[in-house]
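Structure first, commentary second.
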Amino acid sequence: MTDEIAYAKIHPAIGVARVGNSTAEDGWFYGPETPAPEPAPVGFYKDAAGAIKRQAARFRIYGYDAQHRVVKELKPSEAGVEVEWTVHVANRKAAWYNFDLALDIPDMRGKASLRRNGKTGDADRAHLIIDPGRKTLVPGSKEAVEFTGGSCFGVPVPLGRMQADEDGRLVVLGGSGTSASPGNDPLVSFGNNDGWYDDTSDGPVTATLELNGRPVEVKGAWVVVGPPNFAPDVKTPRTLWDLLHDVFRPERPVGAGEEVVFERDIKPILQRFCELQWVNKGYATHHGFGGPEDFTAPALLERLAGKAERNRELRRQVFTAMRDYERDGLSPQPWPWFYGDGMASRPKSKLQYMTLSDTQIEQLEKWANGEFSTAAVPDFPSRIEDAPLAEQPGLLDRAALDFCLADAFHPGCEVTWPIRHTSMYQEPFRILHRAENDPEPDYGPQLSAERALGADGPLHAQPPGGLTRWMAIPWQTDTASCRSGYESNALPKGRYDPHLPTFWPARVPNHVLTEEDFRIVNEEGGGGSEDERLDAFARRASWLRGLRGEYREQLAQAVEEWHHFGIVETRRYTVGDGKFPETVQVESEPGFPLEGVSPDRNLVTVHVPEATALDTAAYSGVLGDVVERTGYSAEEVTVGYIDKLDPFGEESANGGGARPADGGA
């Protein structure tokens, strides 16, 4: 059979690993390998000491024939299959440019982002790149290869390791989640903190292959090491796979007559709105169990899936509730209730909020018009080994990206806006590798939108560290800034919802069902009345309630104590009375000391101009006003200047944020 193989590819094309601080022997796990894996057991994602396990990215090689058909998976453990793996990860964040807004949106035309660590001269900027070099895993090796040898600010920074599984497949584990400032620089920003490094990374994954002594070409892949996934069983409404599917539509066109199938195309979109009930109270109230638009409720789902004329207006109302930029302007009301790429505290961009992908909207429109099939379709397998061979490579590619964000690229969680440019790829989903003897040009002290998008810009062949360099540094400060219901103190009284809109709750929760409340829900006759059980199920605690002090103090705490955040896990509702969902997602016990802490601590976040935040009297005045207007206690309100909401520096006394290009002030 191997004689038929003309070439091979590594899958997934983009693998996703995640940092974790567990040092236990079993303190890691494989990332999703199908779009629908079985939920992990309760307590799986943390070790006995409360440390977070690392998510590993596992890579496989598949052989293809000359007609581009999958022949077989090529396992290095099999006779006649000789594989040598190579990985080159790096972290370029400290040497790159600030993130202000995505440089490819209209709001950034004529503007530029300044270098991080701009006081470091050109001759020394290479020392800001954590680059352990190209590492090789020899065939049959039983030993791990560490990604060591890189440093930042003169401090060694390990970026993880690679090893082989029992069949010789490649397993990549990222860093330990360590972020630090050797010079003890203060944390002042959601993502642009000079003097800091972290140990996320990314880079090319390649292999040499011989089949019975015959060299065979292997198309390489890429690995991205991102932050932890704090809600591993929740998918966002528009995943990274959804986004890239549309990016490559010109190369893989969707025909005008392509059939929309409710079970395959529509139901998953609606279900994702409902899944958000476990990570955001606004979604729990509206789309959650028992809510007015719980699309998983059997009676409502039957109507949504029905082609009868009596259901047409219901379908139309769901479709027209989805955001349309030309129709909706800056209204926060259309679905989904998510912030977008152009989000700012003083909304002015049509991208203030996000929308679904073009394909999703087209599918929903056809469904609303009754142009869809009600045919049954098989579910995704829960194990990649159970999928037909021909489907395995595509499922691996999709699974890695289906659990990543393409919500607001502000900047995002795993990767950000450059990922949507086809110039970055050698073929769909497969990043174009920059040759080691072809260094990138120096883009200068600032990177303008026009240069970034130009033919000589950075959106072409990528060096190690090329994808994650655009992300927040350190990653924890953006995680701590990923909140919902951001309030400007200029909002009218009585028109404020602390739960919606939201940033990235599918990866970084906003509001969660606690273990304490789940125990009340899951104990029939346990002393609680029916109303008490219903109230407990409806309650949600602020996921960030473990953070203390004003905003910048919270950033510093998040860097040190990020592993204390709870993980939202799938539990079984065991009472069996049908009054609550059969499966419930519950926050694991946080590691923060929470005795006497309000479950709503840090629920309300108020952004103020930087000069106001620095004035104690003004700070107290804003806090008192918000307490009076919202009814929340001072403990439940965070006030501060949050540069994430001020991308152009309009509210900053220091003139931060994006600048006019070409040296403007």
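The values are calculated or read from the model by the stated rules, or taken from the named source; none is laboratory data. Small disclaimer: the values here were computed from a predicted structure and weren't measured. Positions of Cβ are backbone-derived with ideal geometry, glycine not excepted, and every protein chain shown enters the neighbour counts. Remember, those area values only see protein heavy atoms, side chains included, never the ligands or the DNA or RNA. Shrake-Rupley method; radii C 1.70, N 1.55, O 1.52, S 1.80 Å.
Counting only residues that are open to solvent by less than 60 Å² (accessible area, probe 1.4 Å), assigned to a loop (DSSP other than H, G, I, E, B) and not charged (D, E, K, R), how many does segment 333-346 have? Explain how you work it out, then say what you get.
Taking segment 333-346 as the starting set, the residues that turn out to be open to solvent by less than 60 Å² (accessible area, probe 1.4 Å) are 334-345.
Pick out the ones that are also assigned to a loop (DSSP other than H, G, I, E, B) and you get 334, 336-337, 340-345.
If we keep only those that are not charged (D, E, K, R) too, we end up with 334, 336-337, 340, 342-345.
Count: 8.
Within segment 548-561, the set of residues being surrounded by 19 or more Cβ atoms within 10 Å (Cβ to Cβ) and touching a strand residue (DSSP E or B) at 6+ places or on another chain (Cβ under 8 Å) comprises Tyr551, Gln554, Val559. Quick check on my filter: what residues within segment 581-601 are open to solvent by 10 Å² or more (accessible area, probe 1.4 Å) and touching a residue at least 60 places away in the same chain (Cβ under 8 Å)? Matches in segment 581-601: Pro581, Thr583, Gln585, Ser588, Glu589, Gly591, Pro599.
Any residue at all in segment 114-136 that is hydroxyl-bearing (Ser, Thr, Tyr) and within 19 Å of Ser201 (Cα to Cα)?
Let us first name the residues in segment 114-136 that are hydroxyl-bearing (Ser, Thr, Tyr), namely 120, 136.
Adding the requirement that they be within 19 Å of Ser201 (Cα to Cα) leaves 136.
Checking segment 114-136: at least one residue is hydroxyl-bearing (Ser, Thr, Tyr) and within 19 Å of Ser201 (Cα to Cα).
Kindly establish whether Asp104 is acidic (Asp, Glu) and over 23 Å from the mean Cα position of the chain (by Cα). So Asp104 does not fit the description; no. Among residues of segment 626-652 that are at pLDDT below 80, those with a beta-carbon under 6 Å from a residue that is open to solvent by 20 Å² or more (accessible area, probe 1.4 Å) and among the charged types (D, E, K, R) at least six positions away or on a different chain give the pairs Arg629/Lys493.
Pairs meeting the criteria (first residue in segment 322-346 and more than 22 Å from Asp104 (Cβ to Cβ), second residue of a type in the set (Val, Ile, Thr), beta carbons under 6 Å, at least 6 apart or on different chains) are lacking. Among the candidates Glu436, Glu427, the residue that is out of contact with any helix residue (DSSP H, G or I) (no Cβ under 6 Å at 6 or more places or on another chain), open to solvent by 60 Å² or more (accessible area, probe 1.4 Å) and of a type in the set (Asp, Glu) is uniquely Glu436.
Counting residues that are among the basic types (Lys, Arg), which helices (runs of 4 or more DSSP H) fully inside segment 230-332 reach at least 1?
Once the helices (runs of 4 or more DSSP H) in segment 230-332 are filtered for at least 1 residues that are among the basic types (Lys, Arg), what remains is 267-275, 281-287, 298-305, 312-320, 325-328.
Taking the numbered list (1) within 30 Å of Ala8 (Cβ to Cβ); (2) of a type in the set (Phe, Trp, Tyr); (3) open to solvent by less than 10 Å² (accessible area, probe 1.4 Å) in turn, Phe409 passes all entries but (1). Would you please list the contacts, defined by Cβ atoms under 6 Å and residues six or more apart or on different chains, that run from a residue in segment 453-474 that is under 19 Å from Ala126 (Cα atoms) and open to solvent by less than 10 Å² (accessible area, probe 1.4 Å) to a residue that is of a type in the set (Ser, Thr, Tyr) and not in a loop (DSSP other than H, G, I, E, B)? Taking only residues 6 or more apart or on different chains, the pairs are Pro474/Ser179. Pairing each residue of segment 156-181 that is within 15 Å of Phe29 (Cβ to Cβ) and of a type in the set (A, V, I, L, M, F, W, C) with any residue that is open to solvent by 30 Å² or more (accessible area, probe 1.4 Å) and assigned to a loop (DSSP other than H, G, I, E, B), provided the two are 6+ apart or on different chains, yields C-beta distances under 9 Å for Val171/Ala144; Leu173/Ala144.
Take the residues in segment 357-368 that are surrounded by fewer than 20 Cβ atoms within 10 Å (Cβ to Cβ) and touching a residue at least 40 places away in the same chain (Cβ under 8 Å); name whichever of them is farthest from the chain's Cα centre (by Cα).
Filtering segment 357-368 down to residues surrounded by fewer than 20 Cβ atoms within 10 Å (Cβ to Cβ) leaves 358-359, 361-362, 365-366.
Filter once more, keeping what is touching a residue at least 40 places away in the same chain (Cβ under 8 Å): 358-359, 362, 365-366.
Details: Asp358: 20, Thr359: 20, Glu362: 24, Glu365: 27, Lys366: 29 Å.
It comes out as Lys366.
Of the helices (runs of 4 or more DSSP H) that lie entirely inside segment 358-467, those containing 1 or more residues that are under 26 Å from Ser113 (Cα atoms) span 449-452.
Can we say Ser201 is among the hydroxyl-bearing types (Ser, Thr, Tyr), buried (at least 21 other Cβ atoms within 10 Å of the Cβ), under 26 Å from Tyr339 (Cβ atoms) and at pLDDT 95 or above?
Numbers: among the hydroxyl-bearing types (Ser, Thr, Tyr): yes; buried (at least 21 other Cβ atoms within 10 Å of the Cβ): yes; under 26 Å from Tyr339 (Cβ atoms): no; at pLDDT 95 or above: yes.
Criteria not met by Ser201.
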